[in-house]
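What follows draws every value from the coordinates through simple rules; no lab data is involved. Because the structure is predicted, anything quoted here is derived from the model rather than measured. FYI the Cβ positions are ideal-geometry reconstructions off the backbone, even for glycines, and counts take in every protein chain you see.
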Amino acid sequence: MATQSSVKEKTRTRLQEPKKYNVIMHNDDYTTMEFVTMILMEIFRKSQAEANQLMQMVHITGKGIAGCYPYDIAVTKVSAALERARQAGFPFRMTIEEA
């Protein structure tokens, strides 16, 4: 008489947090401070005070981090900001770097 046994295997799924990417704004001599502040408030959801502070930091140091996001969100925000800059005629520049 043959007996059948059932073996259950437990599999563990390890979920990893997605990598984060910094969205970096770069200073230029043509994009207005008002435009940069507007981008920070409307696209990156910064308060008026945060946007002004970050805009000043970018103006003084040459660059600043607008936010840290998963890759897809970072690319979407940068694309939206650069499209608005292009429409407004500004050479605004942003890059994405792994955090």
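For the range 28-99, just say rounded, prolate or oblate: build the C-alpha gyration tensor, square-root its eigenvalues into a ≥ b ≥ c, call rounded for a/c under 1.5, and beyond that prolate if a/b exceeds b/c, oblate if not. Let's see the in-between values first.
Details: a/c = 1.41, a/b = 1.16, b/c = 1.21.
Rounded, since a/c falls under 1.5.
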With charges set only on the Cβ (+1 for Lys and Arg, -1 for Asp and Glu), what does the dipole of the chain come to about its Cα centre, in debye to the nearest 20?
560
Of the candidates 14, 45, 84, which one comes out as most mobile in a Gaussian network treatment of the chain with C-alpha springs shorter than 10 Å?
14
Name the aspartates and glutamates eligible as straight-distance cross-link partners of residue 46: C-alpha to C-alpha under 18 Å, and not fewer than 8 places from it in the same chain.
34
Return the aspartates and glutamates within reach of residue 77: Cα separation strictly under 13 angstrom, same-chain partners fewer than 8 residues apart disregarded; answer none if there are no such residues.
42
Max mean-square fluctuation residue, GNM over the chain, Cα-Cα springs under 10 Å, options 56, 16, 87
16
Once you've got the GNM for the chain with C-alpha springs shorter than 10 Å, pick whichever of 32, 61, 11 has the biggest mean-square fluctuation.
11
